[in-house]
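S.K.: One structure follows; several queries about it will come next.
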Ligand code: NAD
Ligand code: MG
């Protein structure tokens with residue numbers, strides 16, 4: 001990344017939860033960053049407002065139909081996937097913030113890394129599905145990958161440049177989501193509205209459901225494995241309902257570092273933009289040890305949240321299993337949100353999809369990953385048609 005001066009930032013998925021938080025962070029640091037480009041799938045009105053407020057030159061509407069339906073696209077606007085990919089390669093862009101949701105984020109990450117950009121990555125699904133490809137693109141393109149996900153930002157901060165071989169364990173914290181403490185039986189009838197009501201974070205719909213099933217934490221275990229090259233046996237998850245400790249790293253001498261703070265995505269976003277530097281950015285809520293006590297910890301309840309185990313197992317199996325897990329989970333979440341699938345049956349559908357694929361090592365081409373993604377989507381669609389809206393275990 002270019003050293004001094006104002007860094008030009010492209011925000012992919014600017015109208016989402018992470019995208020909006022990124023703009024709030026950048027607004028406070030106009031001396032360091034300029035919003036060079038914005039993208040959204042369909043939210044044209046919000047894009048217009050943002051373009052005006054930040055005087056942005058380039059805007060991409062990724063959904064081609066939405067773009068075609070615009071009467072007269074304003075100057076600097078483009079539409080469709082190719083426009084998105086050429087944007088991340090734009091020589092004028094220094095940093096790409098990937099705040100897209102789902103597998104659609106994979107190619108932009110790969111293209112940005114191949115073009116030598118810093119990628120501030122929120123889009124964990126792409127890292128799970130295409131971990132090997134992303135590592136290859138990092139090596140060949142000379143780009144940089146810095147996590148936005150709060151747990152992985154915490155790990156980066158705890159590592160503080162320490163050598164990998166001095167790390168003995170990663171401890172990812174999980175809030176436990178809106179259904180923490182509930183029994184498997186009591187989760188049969190929960191609605192999308194119940195699941196979207198997260199206790200400590202306000203986020204987009206997909207990650208909110210993933211937090212309710214703990215699929216999000218499985219995605220994060222795989223994300224940590226890809227980012228930090230730590231074997232699965234040494235990545236653990238602990239439920240920590242206050243979301244004050246964002247994750248911990250244990251070193252070989254037994255010392256454990258934790259990164260703490262009141263839950264806000266603005267800190268990991270800012271850190272991903274400035275790493276390894278820290279900018280003066282006083283928090284809205286100062287950390288208060290007494291008021292945030294007690295900090296408590298619990299084990300994951302595998303019985304109530306089986307998708308967590310399904311996802312971690314897919315990670316351990318390796319090969320295309322993480323891509324299949326991710327795609328199957330995306331389809332299951334969409335079906336749950338549309339009330340075509342009950343909460344517990346998401347794990348059944350995704351578990352069966354993962355059972356269909358083999359494991360092993362080796363690397364895969366983008367086409368092979370896309371094929372696995374497509375096959376998993378078709379599998380879950382067909383599964384829902386066969387087994388659909390029946391209640392769990394019925
Ligand atoms: P969101 O749904 O609020 O926003 C998604 C953005 O992507 C929107 O701008 C939307 O227009 C765009 N988009 C949607 N589908 C697209 C497609 N097919 N092609 C191109 N653009 C598309 O999501 P979010 O909550 O901001 O999450 C974004 C990513 O960040 C996810 O991968 C999520 O797991 C991760 N993440 C989010 C949070 C959080 O606090 N929200 C925290 C950690 C990680
Ligand atoms: Mg997270």
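Here, each number is a calculation from the coordinates, and none is a lab measurement. Just so it is clear, the model here is predicted, and its values are computed rather than measured. Every residue, glycine as well, gets a Cβ built from its backbone with ideal geometry; the counts of neighbours run over all protein chains shown.
S.K.: List the relative contact order of region 304-394 as a percent without decimals, with contacts defined as Cα pairs under 8 Å and 6+ residues apart.
M.R.: Here the relative contact order equals 40 percent.
S.K.: Grab the eigenvalues of the alpha-carbon gyration tensor for region 7-147, scale each by 5, take roots, and send me the semi-axes largest first in whole angstrom. Numbers along the way, then the final one.
M.R.: On the way: eigenvalues 105, 58, 35 Å².
Whole-Å semi-axes of the equivalent ellipsoid: 23, 17, 13.
S.K.: I've got another one for you. Whole angstrom only: what separates the Cα centroid of region 68-132 from the Cα centroid of region 191-214?
M.R.: Comparing the Cα centres of region 68-132 and region 191-214, I get a distance of 25 Å.
S.K.: Using C-alpha positions alone, give me the convex hull volume of region 80-195 per residue in cubic angstrom.
M.R.: Values: hull volume 18.2 nm³, N = 116.
Per-residue hull volume (Cα only) is 157 Å³.
S.K.: Could I ask something else about it? Within 10 Å, count the other beta carbons around each residue, average over each peptide in 157-166, 277-286, and list them highest first.
M.R.: On the way: 157-166: 12.5, 277-286: 9.6.
The densest-packed peptide leads the list: 157-166, 277-286.
S.K.: By its C-alpha gyration tensor, with a ≥ b ≥ c as the square roots of the eigenvalues, how is region 256-394 shaped: rounded for a/c under 1.5, else prolate for a/b larger than b/c, else oblate? Let's see the in-between values first.
M.R.: Numbers: a/c = 2.34, a/b = 1.65, b/c = 1.42.
In terms of gyration-tensor shape, prolate.
S.K.: What 222 nm value per residue comes from the helices of the chain, counting each DSSP H run with n ≥ 4 as -39,500 (n - 2.57) and dividing by all residues, nearest 500 deg cm²/dmol?
M.R.: The per-residue figure over the chain is -13500 deg cm²/dmol.
S.K.: Nearest 0.05, what FRET efficiency do residue 365 and residue 48 give at R0 = 25 Å with Cβ-Cβ as r? Intermediate results must be reported in sequence, preceding the final value.
M.R.: Details: r = 39 Å, r/R0 = 1.54.
Efficiency at R0 = 25 Å is approximately 0.05.
S.K.: Considering only region 149-301, what is the antiparallel percent among its DSSP beta bridges, to the nearest 5? Present the calculation step by step, with values, prior to reporting the outcome.
M.R.: Numbers: 11 of 16 bridges.
Antiparallel: roughly 70 percent of the beta bridges in region 149-301.
S.K.: Hey, another quick one. Which of 210, 194, 253, 45 comes first, and how do the rest follow, when ranked by fewest Cβ neighbours within 10 Å? Walk me through the numbers before you get to the answer.
M.R.: Numbers: 210 27, 194 13, 253 7, 45 10.
In increasing order of surrounding Cβ atoms, one gets 253, 45, 194, 210.
S.K.: Rank the residues 232, 271 as a footprinting-exposure proxy: fewest other Cβ atoms within 10 Å of their Cβ go first. Write down the numbers at each step before the final one.
M.R.: Numbers: 232 16, 271 25.
By the 10 Å Cβ count, ascending, the order reads 232, 271.
S.K.: More than 37 Å apart: what percent of Cα pairs in the chain qualify?
M.R.: Numbers: 14196 of 77421 pairs.
Pairs farther apart than 37 Å: 18 percent.
S.K.: Given the chain, what percent of its DSSP beta bridges are antiparallel, to the nearest 5? Write out the running numbers ahead of the final one.
M.R.: Details: 11 of 41 bridges.
Of the beta bridges lying entirely in the chain, close to 25 percent run antiparallel.
S.K.: When the convex hull of the Cα atoms of region 149-301 is projected onto a plane and the area is averaged over all directions, what value comes out in nm²?
M.R.: Numbers: hull surface 39.9 nm².
With every direction weighted equally, the projected area is 10.0 nm².
S.K.: Once every Cα of region 257-331 carries one equal point scatterer and solvent is ignored, give the base-10 log of I(q)/I(0) from the Debye formula at q = 0.11, 0.14, 0.20, 0.22 Å⁻¹, two decimals.
M.R.: One equal scatterer on each Cα of region 257-331 leads to -0.56, -0.82, -0.95, -0.97.
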